[in-house]
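Rule-based calculations on the coordinates, nothing more; no lab input. A quick note: this is a predicted structure, and the numbers were derived from the prediction, not measured. Neighbour counts are summed over all protein chains in view; Cβ atoms, including those assigned to glycine, are modelled from backbone coordinates with ideal geometry.
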Amino acid sequence: MYRSRPKGSLHKDMLDFLSSIGDDQEVFIYDLLGSQAHVLMLNDIGLMAYNETKAILTTLDRLKHHPNILDTQNAEDIHEAIESTVIKQIGMEIGGKMQIGRSRNDQVILDILMKVRDDINVICDSLIILLQSLLEKADENVNTVMPLYTHLRQAQIGSYSHFIVSYVDSLLRDMERLYTCYGRINRSPLGAGAVGGSRIMLDRVKTAKLLGFSSVIENSIDATSSRDVVIEYASNLAMIMLTLSRMTEDFIIWSSDEFAFIEISDEYSSSSSSMPQKKNPDPLELLRGKAGQVLGDLFAMTSIIKSIPSGYSRDLQELKPTIWHIASTTNQSLKVLTYIVKTITVNKGRMLEASNNSYALSFDIAELLSVKYGIAFRTAHKIMGLLVQRAVLKNKQPLRMLSKEDVRKVLEKTGCTVNAEDVSNDIKGMTPNLSISSRQSAGSPNPQQVQTRVKLLRARVFKYKEQISARKNSVSEAFQMLSLRVKKYSGNDVSGIR
Ligand code: ARG
């Protein structure tokens, strides 16, 4: 339809190569809404007569309810398909007026931003549900002791709840990033035209308002050329996937036969074709793999936009499939992880057993010795290191099994004059539960602290839930208003037409 300068029609193979019609299905509805807003605005500024507005809006509304009448043949994209369908239905004289003051270049980015805006809300909702499920688990497990790891070696004693809260904190940062990014996404590029605006006094604020945007992207070059906010959005999603992939990895390790700290429910586990005993964490592994895909998408996106000159270039079309893919993958992953978190069995006994026998208690005892007897921490560290050495030599027995004699020898070796019996009692008395309940520093696994934190985090998640729902309402209210205005033209009710 657009071909004036190039002669004849586009070669069929070239059309296939050029066309984005497949990827555009995702933005069909947004492109229609954008067209409705544009036409209404043209009417309001006196550039389109009532009968013209009515004819175009009626056709667009018909298209909205009967997408099968969309003529996609020979169309390079959804913008062309919609315009040519309108022209086909009501003729060039009126239908051909729809595109005045507009270009595909402001349409492309308009559609993307409208979709991303909705997707952010959908993903935030999924994130909220995951956060709530995690907090539920955290609430149930403040006294569930477990070893914490560094270098995947037992480090200190902690609790399952404290571990889960670490992910809640991290995911809440992901949420915060996505939440603020929405503010930058929610600005309308419509009316920027091809690159340099229009001689028509387009009411950009009006179209922005009709489509539920909070403001407009001011500069017409910036509006049509920049994709930074989309990259920002994509990197926020990639960050979520990075968080999820770490959590996934923890769950995979902990559900292994050797750890058996948790058990993934049967419903979310796979089996093996050959080894009958197998219960594999395939969904978690896939999630880990999908994190890789999303990172790949982000890399593709940044590579596509790198060094494109200002003003629309067709390279930008290639962003679309990655934008859609990154959103659907992240959302699906959040949902899958929520199912898994909700149905995980926490094997408290196994975690306690591992903690009871863990040399990770050494750290608490070293701190206790240095605080209680005024010994330098370095000396206390040495004492505990030597005691662990002895315990390991004795068939890896737990520290509490060491004799008073063992303790005496080590104290002597380090030149420490504290009474061996006292130290021996301190060692025997150090249980995993005492270890976490005597942790005082802020953010530690102390059960009371974690309990308070869980409450606070619940409130924060709830606040996000309210804010997201307010955002969704404000978009859908705008769409309802738009639809009411359209109906005044396309339906029988013409009473309120301005
Ligand atoms: N289908 C294209 C896209 O999705 C829109 C074409 C925009 N304009 C142009 N001058 N070729 O990006």
(Q) Please report the spacing between the Cα centers of segment 266-319 and segment 381-412 in Å, no decimals. (A) 49
(Q) Residue by residue through segment 395-406, what is 3J(HN,Hα) from phi via Karplus (6.51 cos²θ - 1.76 cosθ + 1.60, θ = phi - 60°)? Round to whole Hz and write x for glycine and proline. (A) 6, 6, 6, x, 4, 5, 7, 5, 7, 4, 5, 4
Q: Please give, to one decimal in nm, the separation of the simple spin-label points placed at Ala470 and Ile221, each 7 Å out from Cα toward the Cβ.
A: 3.8
Q: Can you tell me the relative contact order of segment 1-95? Whole percent, Cα pairs under 8 Å, sequence separation 6 or more.
A: 33
Q) Label Gln397 and Ser272 with points 7 Å out from Cα along Cα→Cβ: what is the distance between them in nm? A) 3.8
Q | Rotationally averaged projected area of segment 357-498 (alpha carbon convex hull; nm²) | A | 15.3
Q: Any chance you could give the angle, 0 to 90 degrees and rounded to 10, that helix 319-343 forms with the longest Cα principal axis of the chain?
A: 40
Q: For helix 104-140, report the angle its Cα long axis makes with the longest principal axis of the Cα atoms of the chain; keep it between 0 and 90° and round to the nearest 10°.
A: 30
Q. If you bin the C-alpha pair distances of segment 230-287 every 5 Å from 0, what whole percents do you get?
A. 4, 17, 22, 20, 13, 9, 7, 5, 2, 0
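Looking at the calculated P(r) for segment 57-177, what percent of the C-alpha pair distances fall above 23 Å?
Taking all Cα-Cα pairs of segment 57-177, the fraction more than 23 Å apart is 58 percent.
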Q. Given q = 0.12 Å⁻¹, what are the Debye log10 I(q)/I(0) values for segment 256-319, with equal point scatterers placed on the Cα positions and solvent ignored?
A. -0.54
**Q.** Residues Asp169 and Asn51, FRET efficiency given R0 of 51 Å [Cβ-Cβ distance, rounded to 0.05]
**A.** 0.30
Q.
If R₀ is 25 angstrom, what is the calculated FRET efficiency for the pair Arg3 and Ser307, using the beta carbon separation as r and rounding to 0.05?
A. 0.30
Q: Could you work out the Kirkwood radius for segment 178-324, taking every pair of different alpha carbons, averaging 1/r and inverting it, reported in Å?
A: 18.7
Q. Taking amide hydrogens as modeled 1.01 Å from N in the peptide plane, which residues meet the under 5 Å criterion relative to Ser159, leaving out close sequence neighbours?
A. Met146
(Q) Working only with C-alpha atoms, what are the Rg and Dmax values of segment 352-399, expressed in angstrom? (A) 11.2, 32
Q. At what distance in angstrom do the alpha carbon centres of segment 1-71 and segment 179-233 lie from each other?
A. 19
Q: Mind putting together the pair-distance distribution for segment 176-238? All Cα pairs, 10 Å bins, whole percent per bin, short to long.
A: 23, 46, 26, 5, 0
Q: Tabulate in residue order the Karplus-calculated ³J(HN,Hα) for segment 369-376, using 6.51 cos²θ - 1.76 cosθ + 1.60 with θ = phi - 60°, rounded to whole Hz; enter x for Gly and Pro.
A: 4, 5, 6, 5, 10, x, 7, 4
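Using 1/(1 + (r/R0)^6) with R0 = 30 angstrom and r between the beta carbons of Ser265 and Lys455, what's the FRET efficiency to the nearest 0.05?
FRET efficiency, Ser265 to Lys455: 0.65.
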Q: Figure the gain on full extension for Glu232 and Ser214 (residue separation times 0.36 nm, minus the Cα-Cα span) and round it to one decimal in nm.
A: 4.6 nm
Q. Helix 160-185 versus the longest principal axis of the chain: what angle, 0 to 90°, nearest 10, using Cα atoms?
A. 20
Q. Which residues does a label at Ile253 reach in segment 131-156, if reach means a backbone N under 19 Å from a point 7 Å past the Cα toward the Cβ?
A. 145-156
(Q) I'd like the projected area of the chain, averaged over all directions, using the convex hull of its alpha carbons. Report it in nm² with one decimal. (A) 31.4
Q) Can you give the helix-only mean residue ellipticity at 222 nm for the chain, where every DSSP H stretch with n ≥ 4 adds -39500 (n - 2.57) and the sum goes over all residues, rounded to the nearest 500 deg cm²/dmol? A) -21500 deg cm²/dmol
Q | Net length gained if the chain between Thr417 and Thr180 were fully extended (0.36 nm per residue, minus Cα distance) | A | 79.5 nm
(Q) Just to be sure I understand the model, the point goes 7 Å from the Cα along the line to the Cβ. What's the resulting Ala442 to Lys335 distance in nm? (A) 3.9
